[in-house]
Amino acid sequence: MLQNSTLYCKGEKCVILAEVQFEARGLQCAEDKIASLPNVCLVHMNNCESEEIVEAANIAISNLLPTKSRSLYDIAYNRFKKWCAEKNVQVYSENVLLAYFSENAKNYKSSTLWAQYSMVKSCLIIYDNIDISKFPKLIAFLKRTGDGYQAKKSKILTKSEIDRFLSRADDKEFLMIKVELILGIAGACRTDELVNLTVDDIEDVGSSLIVKIPNTKTKIPRIFVVTDVGNMLELFRKYLSLRPPHVKHKRLFLYYKAGKCSSQPVGKNTMGKIPSVVASYLKLPDVACYTGHCLRRSSATLLADAGVDITIIKRHAGWKSTTVAEGYVENSIENKTKIANQVLVVTTTSAITKTVNVSESNIPSNINFENCTNVTFN
């Protein structure tokens, strides 16, 4: 005997999920009847599991969603369920998901649609055993919404801008910001990572600082080094020496004003605004575009401009995806200039080589070379 059965469509196959309460002689009959239907398969969830197993499974399921952003997942899932209730939808077919995201596409950008899709997908798998990642038309639709879309990204600070701020800004007003800038650029740090950084996470070995980031977004600890370039170590030590002795917590960054540190730690919002403070001091345009991601993007771009391999950049910043890492690298004018010079040098060198080979038998007694680079005489 079948009770509380739920029917949904997956592609062209209909699947019946049934909570089975049965008498021994009636089960096989029910199975045979359902299995005889075309394009139908039966998935059993029977009542033979012990309470201990059910409880353990529920605990495991409750930990499948990210702890930090679980509330956002629940909001996205409940919004979808509410929409289905309003539309009197009981079957989560591909057409239903297409209709739902088609409506959302009128109000949300492509990046938001993908985020909503990811959260709804995870919740449907966990709560309803439905995998919408197998819906090819839905994926194609979401990709199509991204055509021509360019995500807004934080602006970056160049090497010269960083050096100018560190050398010219008054320590009495900007010392804490200088230290945050140094550590953020050196370690490609996220705002949260800088906020939660403690004095125990930094080891001063004299010639350098060894910084540990124990809690990261990817849950993989990172280590980076700050070397004695310019007066960076001197700035860090000066800021650390101003730490009040009565501070009970170990957070590194404390509010700093008029050359003194208070015992209050710097919060996430204040930390996220520091790149815009630097941009404002340097009188850069679009100050509001220098967000909390500025330091992480600046670090990745500086490495890329220096010719560092993408694998090293990923390892340095803790990225797993090459696509994500490349998205953080800014197409800076400095990098474009280097590429242009390399292209022109290759072209010019090739042209000179051909000319010398052709006119080798008629070389004049006096030859003048002007504005030449990478010239080789054999």
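The values are calculated or read from the model by the stated rules, or taken from the named source; none is laboratory data. Small disclaimer: the values here were computed from a predicted structure and weren't measured. Using ideal geometry, Cβ is built from the backbone for each residue, glycine included, and neighbour counts are taken over all protein chains shown. These area figures cover heavy atoms from the full protein model, side chains too; ligands, DNA and RNA do not enter into them. Shrake-Rupley method; radii C 1.70, N 1.55, O 1.52, S 1.80 Å.
Length gained on full extension, residue 95 to residue 255: 52.2 nm, using 0.36 nm per residue less the C-alpha separation. Counting charges near residue 232 (Lys, Arg +1; Asp, Glu -1) among other residues having Cβ under 14 Å from its Cβ returns a value of -2.
Note on residue 202/residue 326: beta-carbon distance plugged into 1/(1 + (r/R0)^6) with R0 of 35 Å gives a FRET efficiency of 0.70.
Packing around the peptides 57-66, 92-101, taken as the average count of other Cβ atoms within 10 Å per residue, puts them in this order, highest first: 92-101, 57-66.
Local charge for residue 216 was computed over the other residues whose Cβ lies under 11 Å away, with Lys and Arg +1 and Asp and Glu -1, and equals +3. Legend: residues 145, 311, 67, sorted from most to least accessible area (1.4 Å probe; ligands, DNA and RNA excluded), read 67, 311, 145. In this structure residue 287 has an accessible area near 50 Å², from a 1.4 Å probe over the protein heavy atoms.
Straightening the chain between residue 60 and residue 143 buys 26.6 nm, computed as 0.36 nm per residue apart minus the Cα-Cα spacing. In order along region 152-167, phi translates into HN-Hα couplings of 6, 10, 5, 6, 10, 9, 7, 4, 5, 5, 5, 4, 5, 5, 5, 8 Hz, rounded to whole numbers, per the Karplus curve 6.51 cos²θ - 1.76 cosθ + 1.60 with θ = phi - 60° and x for Gly and Pro. For region 194-238, the fraction of 1.4 Å probe accessible surface lying on carbon and sulfur atoms is 54 percent.
Accessible surface computed residue by residue for region 138-204, with neighbouring protein chains in place and a 1.4 Å probe, gives 48 Å² per residue.
Here region 75-151 has 48 percent of its accessible surface on carbon and sulfur atoms, given a 1.4 Å probe and all protein chains in place. Here the 3J(HN,Hα) profile of region 89-104, calculated from phi with Karplus coefficients 6.51, -1.76 and 1.60 at θ = phi - 60°, is 8, 10, 10, 8, 8, 5, 5, 5, 5, 4, 5, 5, 6, 5, 5, 5 Hz, Gly and Pro shown as x. Karplus-based coupling profile of region 284-295, in residue order and whole Hz: 7, x, 6, 4, 5, 7, 8, 9, x, 7, 4, 5, with θ = phi - 60° in 6.51 cos²θ - 1.76 cosθ + 1.60 and x standing for Gly or Pro. Estimated at 0.36 nm per residue, the fully extended path between residue 133 and residue 234 surpasses their Cα-Cα distance by 31.1 nm. Each residue was assigned an accessible area with a 1.4 Å probe, and for residue 229 the value is about 80 Å².
Shown are 305, 147, whose ranking by accessible area with a 1.4 Å probe and every protein chain present, most to least, is 147, 305. In terms of accessible area, using a 1.4 Å probe and ignoring ligands and nucleic acids, 51, 203 rank largest first as 51, 203.
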